[in-house]
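Read the structure below first, then the notes.
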Amino acid sequence: MPVVLIGLVAGISGGWIRLGSPIIPLAEAGLNHGLLMVGEFLGSLISLERAMVMKKKIWLIIPLFTGLSGIFFLINLDQAGMGALLAGSFGLSVIMHFQTIRHPFFHSILLYLGAVCWFIGNFLA
């Protein structure tokens, strides 16, 4: 959870920097605003929520990957950040695949397709 909050604060800071008002002056947050907000903050939050309902708690490593991606982006290790974000988005796709097989409802399929699209977007970036 602390990395989720760090990602939220860094992403908001990046948004303010992009608007021209450096309230919290983090240059890397301004450069990686989208990756911090969508990838680190929302990705960690959604994958944490999905991993908590899985029977084995080893799935909790997936939100850890997405959370660490924000830390990597903030300390200017962009390749490591993209690698962690790619691993986290792939892991969320796998979780959603298993959950969609278990509960084949429209909302599960929609979440699964969203996770796969997020992985493809990170792969192509």
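The values are calculated or read from the model by the stated rules, or taken from the named source; none is laboratory data. What you see is a predicted model; the values in this text were computed from it and never measured. All Cβ positions, glycine included, derive from the backbone under ideal geometry; neighbour counts span all protein chains shown. With ligands, DNA and RNA removed, areas are computed over all heavy atoms of the protein, side chains included. Shrake-Rupley method; radii C 1.70, N 1.55, O 1.52, S 1.80 Å.
At-a-glance table
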read-out: Lone qualifier among Leu64, Leu26, Leu68, Leu8 - being surrounded by fewer than 24 Cβ atoms within 10 Å (Cβ to Cβ), in contact with a helix residue (DSSP H, G or I) (Cβ under 6 Å, 6 or more places away or on another chain), on the phi < 0 side of the Ramachandran plot and at pLDDT 90 or above; value: Leu68
read-out: Residues within the range 45-61 that are touching a residue at least 12 places away in the same chain (Cβ under 8 Å) and either farther than 21 Å from Ile95 by Cβ or surrounded by fewer than 18 Cβ atoms within 10 Å (Cβ to Cβ) (or both), tallied; value: 5
read-out: Meets criteria (more than 26 Å from Leu111 (Cβ to Cβ) and assigned to a helix (DSSP H, G or I)) for Val38; value: no
read-out: Residue in the range 88-125 that is nearest to Ala51 (Cα to Cα), counting only those that are open to solvent by less than 60 Å² (accessible area, probe 1.4 Å) and β-branched (Val, Ile, Thr); value: Ile95
read-out: Filter result (in contact with a Phe, Trp or Tyr (Cβ under 6 Å, 6 or more places away or on another chain) and more than 12 Å from Thr66 (Cα to Cα)) within the range 1-27; value: Leu8, Gly11, Ile23
read-out: From Gly70, Gly14, residue being under 18 Å from Phe123 (Cα atoms) and either in contact (Cβ under 8 Å) with a residue 60 or more places away in the chain or of a type in the set (Gly, Ala, Ser) (or both); value: Gly70
read-out: Residue check, Gly20 modelled with pLDDT under 85, small (Gly, Ala, Ser) and open to solvent by 40 Å² or more (accessible area, probe 1.4 Å); value: yes
read-out: Hits in the range 75-87 - residues which are crowded, with 21+ Cβ neighbours inside 10 Å and either in contact (Cβ under 8 Å) with a residue 24 or more places away in the chain or outside any helix (DSSP H, G or I) (or both); value: Gly81, Leu85
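Here's the yes/no breakdown for (1) in a helix (DSSP H, G or I); (2) of a type in the set (Ser, Thr, Tyr); (3) touching a residue at least 60 places away in the same chain (Cβ under 8 Å):
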{"residue": "Arg18", "(1), (2), (3)": "yes, no, no"}
{"residue": "Pro25", "(1), (2), (3)": "no, no, no"}
{"residue": "Gly30", "(1), (2), (3)": "yes, no, no"}
{"residue": "Gly43", "(1), (2), (3)": "yes, no, yes"}
{"residue": "Phe65", "(1), (2), (3)": "yes, no, no"}
{"residue": "Ile101", "(1), (2), (3)": "yes, no, no"}
